[in-house]
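The values are calculated or read from the model by the stated rules, or taken from the named source; none is laboratory data. The structure presented is a predicted model; accordingly, all values stated were derived computationally and were not measured. Virtual Cβ from ideal backbone geometry, glycine too; neighbours counted across all protein chains shown. Note: areas computed on protein heavy atoms with side chains; ligands, DNA, RNA excluded. Shrake-Rupley method; radii C 1.70, N 1.55, O 1.52, S 1.80 Å.
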Amino acid sequence: HYHMNFGLRLLAGGGPDADIPDLQALKAIGINIVSPVDNVGIGGGAGNRPPADVLKMLAASIEGARRHSDKDFLVMPDQEFYGSVLGGHTDLLLSHPVYWNYGRAAGQPLVEDNPTYGKVYHIGAADDLFEMVKREDIMMSMPHPRTKNNAGFPDGFKDKAYFKDAHYQGIGYRWGM
C-alpha cells in the first residue's frame, strides 16, 4: 500500500511507459512486489480526489503495472476507495483488470459493457461493491483502521457478511499511525 497516484502520474507523463522514479527506487532497494495505490471514490482531501474520468486513470494504472513489471519485479495495481460504501476507506487489490466507478444511478445496471474498457461496474451501495469483489475475486482490506476517515471502522461493520467473507483480508497499518 504505497500512495503514488500511479495512474494520474502515468497520464501526466504521457502514458503507461512514463518514468516513475518511485518504482525505480523500490526496485533498486530489493523490493520485488509493490502495490501502488490509486484513489477512487470521494473524500480524502482535495489533493487526493480522482480525476473526472476514473476509468481512464484505472486503465493507465493497469497498463502501467503490466509494462513496469518484469520477471523480478511485480507491480500490482491497488485502489483505495475513499468514502467507501462499506464505511471509511476500502483497499481493493486486483489480480486482473477490473473497471469500476462510484455513483450508480437509479435504474442503472451493476455491470455494463463499455466500448473502450469492456465490463464496467457501477458501485452505489455496499452490496454492489461486494458483488464486484466476489465476481472478480478481489482482495479487500481496510487501510489504517480507527484512524483518519476510518474512525469507527472496522467496528462499524464487523458483523456484516462481507467482513466475514474470505475476500476480506483484514486491515493494514501505516507507519506513523
Residues whose placed amide H lies under 5 Å from that of Asn5, excluding near-sequence neighbours: Val37
Distance between modelled label sites at His167 and Leu55, nm, 7 Å Cα→Cβ extension: 2.1 nm
Cα centroid of the stretch 60-98 to Cα centroid of the stretch 1-28, whole Å: 13 Å
Amide H contacts of Leu110 (H built 1.01 Å from N, under 5 Å, at least 5 apart or other chain): none
Cβ crowding within 10 Å averaged over residues, with 78-85, 67-74 ranked highest first: 78-85, 67-74
Accessible surface, 1.4 Å probe, highest first, among residues Met57, Met139: Met139, Met57
16 Å reach of a label modelled at Asp70, 7 Å along Cα-to-Cβ, counting backbone N of the stretch 1-27: 17-27
Theoretical gain in end-to-end length, Val111 to Tyr2 [0.36 nm per residue, Cα-Cα removed]: 36.4 nm
Derived scalar couplings ³J(HN,Hα) [the stretch 22-35; Karplus, 6.51 cos²θ - 1.76 cosθ + 1.60; whole Hz; x for Gly, Pro]: 4, 5, 4, 5, 5, 5, 5, 8, x, 6, 10, 9, 9, 10
